Amino acid sequence: MNPHLRLSLRLLITAVAGALCISALLVAIAPQAWGILNAHSQVPVQLSQFSGLAQRSVLYDINGQQIGVFQIENTQRTPVDSVPEHVIAALLAVEDTGFFDHKGVNLRASVRALLSNYQAGSSRQGASTITQQVVKNEFLAGLDRDGRYKVLQARYAAMLEKEVPKREILERYINTVFFGNNAYGLQAAAEVYFGTPVAGLTELQGAFLAGLVQAPSSYDPIRRPDAARQRYKIVLGRMVETELLTADEATAACKGWETPKVRTSLDAECPIPENANSVPTQDINRTYFTEEVKDYLLNRSTVLGATYQERYNKIFRGGLKIYTTLDKDAQAAAEVAALEQLPVNKTGIEAAVLSIDNLTGGVRAMVGGAGFEAANNEINLAMRRRQTGSSVKMFILAAALQAGILPDDVIDGTLPCTLPNPGKPEEPFLISKGVSQSVAPLRTMTALSINCAYARLSQVVGLERIVSLMYKMINSEWTNPETFAIQPYASLATGANELSPLDMASGVQTIANSGVHMQPYFIERIEDNGVELYRHELAPEQVLTPDVALRAVDTLKGVIKFGTARRTPLENDRPAAGKTGTQDDNTNAWFVGFSKQMTTAVWVGDPKAYTPMVNIPEFVAKDGITRVQGSMYPARIWKQFMDAAHTNLPVEDWEAPPSAVPTETRPDPSPMRIYLPGNECLAKVVSGTVPPTIAPPTTKLGKPAPTTTTVPFDPTNTVVINVVDPGTTISPTDTNPFSPTNTIRIGEYWVYECAAPFPASVQTVEAG
């Protein structure tokens, strides 16, 4: 081929390829170039108002002491006039020396920063003004960082300068700029790094904070101390250049400092904060109580908004003041009691405590376990349900007294006992464990926690009736028939149902408060910038008659006076009452007790499983306890806490219960014999002496309750009886709290176990 032709062909091919490349390049950059050229068209006619600053919400106890905060960003609004001028000067020296002179964009500073960074070989100075940084955070969040971004940022900054005073822009900046370690704004940064309010920052501290703004993560003094120290030296140099510090002052502040034009080796003696201050950490510490408050406001209430997002923003960004029911001193006492009384153990046995005010239902103390730890130990044991053991007997007692039974009425508690099992008649309910007690007054059976007596009593009263009353006594936003099922088991009296310390305290408070139930609650009121958004309204409900409540209190006092909790009376002979509870195999242990002022429930057990608390090495070594019962660690924790919580409270007692008077359903108020139809049968005594019906306690626990004098059974005495009713049915499931129960007059009738043979000395006659 002709050389000239070959050359021409090559030139043609090269030209075509070049044209194609240029065309491709133009096609690729065209959208971006078009966006830049038309960025001005996206600028609004007028800028919107500043969005509200995110502010932490603060929680207070009943005495106005801070107990926690809710926040996502650690932001604390600070007026610019409250910030020391030397701190402002340090920020401006590092971030925007011409702030008060430019109109939003500083072209000269941009060029200077470019040259300085080139000479230093690193990014030492930023090109954006403070106004541009405010625009970036306020109006351009989420916008792609393409060519048009800088155009829009500059244009918005110029507009903002025309509409908003410089000091207001500066105030916005100092409240939103990020300093690392979740500190947004100068106030939060001052607390985190130096443990001081912003007004207390020194010149050098202000200089250090100013240095963090450029790259808070890179210059984090806690995680990257060497980089932080080097950055501090650079900032000191800038402070000298702007005559905010002398060279001698800079040298004294950081040994080894030299002008930043000369790169220096790091000097370990350059003072920087090496640990985040502990004060703000304590302020925002999450606890079981604060988590329950948060859950309530987010998921159980609409007082802060109709939607979840509205409520979330109010809680974490709204700067609310949330006044709670917690008593900080009582809380500390509860934590100390649980810590000191229950030995630390490898088995994992823990304690939960919940105490409420009897008159209001306000939760005063809540110990949900060993200590709240995010992502590791978050389960609140004070709200978690476990089997109750005999502590549930307080509800059965209340139902029995409401139905007309009196504390001195007598019932059989002989062990073992086989009772009907409603719903499963083919599987009779057998109780073979616990303390045995022959026929004795109900107050004695209560003090000694006699299972057979109370299991029988629960069916005499009616299991459905007891469950119905339990819902009324416990009633709360956490426990009601719509949200939780309490089952009318034959084993109800031995604690088959699961209830939480909150449930127990809420229910027993009804007894302590003269029969008036107050729903438990956590929040007294909520304020938003001085405007009250919410205030708790008390809603008292008379669940038990006052007479019934007083009789229950008087009966339950015996538990502490001479019963299972006799070793843990309160100081100063303060009147108190309660009930122990121990589940089968010692898997759960309870004490729920109350004074005139407050009710406290204590649970001890393994939160991970129903682990028998038997032969726990640490318990045996410290206290010689081989089997944990409600009268042990739960009662001890309860006593220590209640003694401390009542230090400044007057010693108060309840009124004496009223004397029994004749009623339509019970014309004779003298002690009666309680019996269970279908399990116990009746016979009218025709002649002879009735077999013993009332016996003193067979188990000596302290000073026994007064009992009716008994007539010893004489086997040679012939008793003639007339069988009245074989009794083939158990008590009906009537839920009317005032329906009469099955009782007969003592001495006129003999109550015997239907399936048991008659003694040889007993003769029967035909009815007539």
**Which of M383, M598, M672 has the fewest Cβ neighbours within 10 Å, and the rest in rising order** = M383, M672, M598
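Place the peptides 583-593, 57-67, 90-100 in order of packing, highest mean first, counting for every residue the other Cβ atoms within 10 Å and averaging per peptide. Don't skip to the end; give the middle numbers.
Values: 583-593: 24.9, 57-67: 16.9, 90-100: 19.7.
With the highest mean Cβ count within 10 Å placed first, the list reads 583-593, 90-100, 57-67.
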**Message:** I'd like the Karplus ³J(HN,Hα) series for region 62-71: coefficients 6.51, -1.76, 1.60, θ = phi - 60°, whole numbers in Hz, and an x wherever there's a Gly or Pro.
**Reply:** 5, 9, x, 8, 5, 10, x, 9, 10, 7
**Request:** Report the extension gain between S670 and T347 in nm, rounded to one decimal, defined as 0.36 nm multiplied by the number of residues separating them, less their alpha carbon distance.
**Result:** 111.2 nm
**Item:** Additional length obtainable on full extension of the chain from T251 to A621, 0.36 nm per residue less Cα span
**Value:** 127.1 nm
**Message:** Can you compute the FRET efficiency between E482 and Y149 using 1/(1 + (r/R0)^6), with r the Cβ-Cβ distance and R0 = 56 Å? Round to the nearest 0.05.
**Reply:** 0.55
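Could you put T665, T743 in order, starting from the residue whose Cβ has the fewest other Cβ atoms within 10 Å?
T665, T743
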**Item:** Estimated inter-spin distance, T689 and D81, nm [label 7 Å along Cα→Cβ]
**Value:** 9.7
**Item:** Whole-Hz couplings from phi, Karplus 6.51/-1.76/1.60, listed for region 409-426; x for Gly and Pro
**Value:** 5, 10, 8, 8, x, 5, 9, x, 9, 10, 10, x, 10, x, x, 9, x, 6
**Request:** For region 215-229, just list the computed ³J(HN,Hα) in residue order, Karplus coefficients 6.51, -1.76 and 1.60, θ = phi - 60°, integers in Hz, with x standing in for Gly and Pro.
**Result:** 7, x, 6, 5, 9, 4, x, 7, 9, 9, x, 5, 5, 5, 5
**Fill in**
Going fewest to most other Cβ atoms within 10 Å around each Cβ, H517, H86 line up as H86, H517
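What is the gain in length, in nm to one decimal, between S217 and T418 on full extension, counting 0.36 nm per residue of separation less the C-alpha to C-alpha distance? Working shown, then result.
On the way: separation 201, 0.36 × 201 = 72.36 nm, distance 7.12 nm.
Full extension of this stretch gives 65.2 nm more.
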**Request:** Mind giving me the nanometre distance, one decimal, between the label points for L649 and Q66, set 7 Å out from Cα along Cα→Cβ?
**Result:** 2.9
**Complete:** Largest first and rounded to whole Å, the semi-axes √(5λ) derived from the alpha carbon gyration tensor of region 596-666 read 36, 20, 11
**Asked** Per the Debye formula with a single identical scatterer at each Cα and no solvent contribution, what log10 I(q)/I(0) holds for region 178-232 at q = 0.14, 0.25, 0.28, 0.29 Å⁻¹?
**Response** -0.29, -0.96, -1.18, -1.24
**Request:** Compute the FRET efficiency between A332 and R167 as 1/(1 + (r/R0)^6), taking r as their Cβ-Cβ distance and R0 = 56 Å, and round to the nearest 0.05.
**Result:** 0.80
**Prompt:** Counting only residues 5 or more places away or on other chains, whose amide H sits under 5 Å from the amide H of L245 once H atoms are built in the peptide plane?
**Reply:** V240
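No lab work stands behind these numbers, since they all come straight from the coordinates. A quick note: this is a predicted structure, and the numbers were derived from the prediction, not measured. Counting neighbours? That spans all protein chains shown, and the Cβs are built from the backbone with ideal geometry, glycine included.
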